[in-house]
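All of the numbers you see were taken from the coordinates with simple rules; none came from a lab. Predicted model, so just to flag it, every value in this text is computed and none were measured. Counting neighbours? That spans all protein chains shown, and the Cβs are built from the backbone with ideal geometry, glycine included.
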Amino acid sequence: MAGSLSNSWSLVKASAHVLKLDKELLVFPLLSGIATVLVAVSFIAPMALTGGWEIFAEEGGGYLGYVVGFLFYLVQYTVIFFFNSALVGAAMIRLEGGDPTVSDGMSIAMDRIGSILGYAAISATVGMVLRAISERVGFVGKLVVGLVGMGWTVATYLAVPVLVSKDVGPIDAVKESAALFKRTWGEQMVASFGIGWAFFLMGMSWTLVFVAMIVVAAQFGGGPAVILPVVAVGVMGYVVLGLVASALQGIYTAALYRHATGGHVEGFDAQMLTGAFRAPRGFGRR
C-alpha cells in the first residue's frame with residue numbers, strides 16, 4: 001500500500017511538471033466541462049418543459065427511454081472524448097520534446113473526429129447494454145455486470161492515445177488498447193489505478209479544509225454574508241481541483257501510452273510507469 005501511494009505521488013509530480021510547462025492544457029478539461037453541462041441542459045430542459053419526466057418515471061420510459069439514453073450517452077461521450085483527445089494529443093507533443101498549443105490539440109482532435117464519434121457510439125452502446133442488463137438481474141448479476149464494466153474500462157484505458165497517435169478506427173483502437181495493456185502490465189485485474197489514490201487524497205484533503213472553513217465561520221457567528229462566500233470558495237476549489245485532476249489524468253494517460261509503445265517519456269521514469277498498475281495479491285502474470 002505504501003509503495004503504491006509513493007509511486008502514485010511520483011506520477012502526480014511528474015504529470016504536474018508537464019502541466020507547469022503547459023498550463024494551457026487546463027483549457028481542454030474546462031471546455032469539456034462547459035460542453036457537457038450544455039449537453040445535459042439541452043436534454044433536460046425539453047423534457048422539463050414538455051412534461052417528459054412523467055414518461056421516464058414509468059419504468060424508465062420503456063424503449064423511448066433507451067433511445068433517449070443512448071443519444072445522451074452518444075453526445076456526452078463524443079464531447080468528452082473529443083476534448084480528451086485534444087488534451088492527450090497536446091500532452092504527447094510535450095512528452096516527445098515539443099511545445100504544444102491549444103490549437104495543436106484541437107487540430108489533432110478534429111483530424112480524428114470520425115474515429116472519436118465511432119468510439120463514442122461503441123461506448124454508448126456498451127453503457128446502455130450494461131445498464132439494461134443491470135436493471136433486469138439480481139444482486140449477483142449486478143456484481144457480474146460491474147466486473148464486466150471494470151474489464152471494459154481496463155481494455156479501453158489507452159484507446160484515446162491510440163486514436164490520437166494512429167490513423168485507425170474505433171474498434172482497432174479498442175483492440176490495440178487491450179493488447180498494449182495486457183502486454184505491458186499483465187492479464188490480471190489491476191489492484192491500483194495509477195494516480196487514482198493521489199486524486200482521492202487530494203479531494204479528501206480539500207473536503208476537510210472546506211468543512212473546517214464552514215465550521216470556523218459558524219463558530220464566529222458568521223451569517224449568510226460570511227458563510228456564502230466561504231461556500232463559494234469551497235465550490236471553486238472543487239472546480240479547480242477537478243480541472244487540474246483531469247489535466248493530470250490526460251498527461252498521465254499519454255505517458256502510459258508512450259511507455260507501453262516503447263517510446264521515451266520526457267520527465268517520467270520508466271520503472272515508475274511500469275509500477276503504475278499492480279496485480280491483486282495472489283495473482284501473478286501469466
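Things to note:
- The helix-based estimate of mean residue ellipticity at 222 nm for the chain, built from -39,500 (n - 2.57) per DSSP H run of four or more residues and divided by its residue count, is -26500 deg cm²/dmol to the nearest 500.
- Protection proxy ranking, highest mean first, for peptides 82-92, 115-125: 82-92, 115-125, where packing is the per-residue count of other beta-carbon atoms within 10 Å, averaged.
- Here the gap between residue 172 and residue 235, fully extended at 0.36 nm per residue and compared with their Cα-Cα distance, gives a gain of 18.7 nm.
- Peptides 159-165, 256-262, 244-250 ordered by average Cβ neighbours within 10 Å, highest first: 159-165, 244-250, 256-262
- Residue 202/residue 129 FRET efficiency (R0 35 Å; Cβ-Cβ; nearest 0.05): 0.55
- Neighbour-limited loop hits for trypsin sites (Lys or Arg not before Pro), the range 82-176 (at most 14 other Cβ within 10 Å; DSSP other than H, G, I, E, B): 136, 166
- Here r is the Cβ-Cβ distance between residue 99 and residue 147 and R0 is 41 Å; the resulting FRET efficiency, rounded to 0.05, is 0.45.
- Sparse-neighbour loop sites [GluC sites (Glu not before Pro); the range 115-214; at most 15 other C-beta within 10 Å; DSSP]: 135, 187
- Inter-part distance where the range 213-248 and the range 146-175 are each reduced to a Cα centre, Å: 37 Å
- Distance in nm between pseudo-label sites at residue 39 and residue 117 (7 Å out along the Cβ direction from Cα): 1.4 nm
- Difference of contour (0.36 nm per residue) and Cα-Cα distance, residue 179 to residue 266: 29.0 nm
- Distant alpha-carbon pairs in the chain (separation over 27 angstrom), percent: 50 percent
- Computed magnitude of the charge dipole of the chain (debye, nearest 20; Cβ of K, R +1, Cβ of D, E -1): 840 debye
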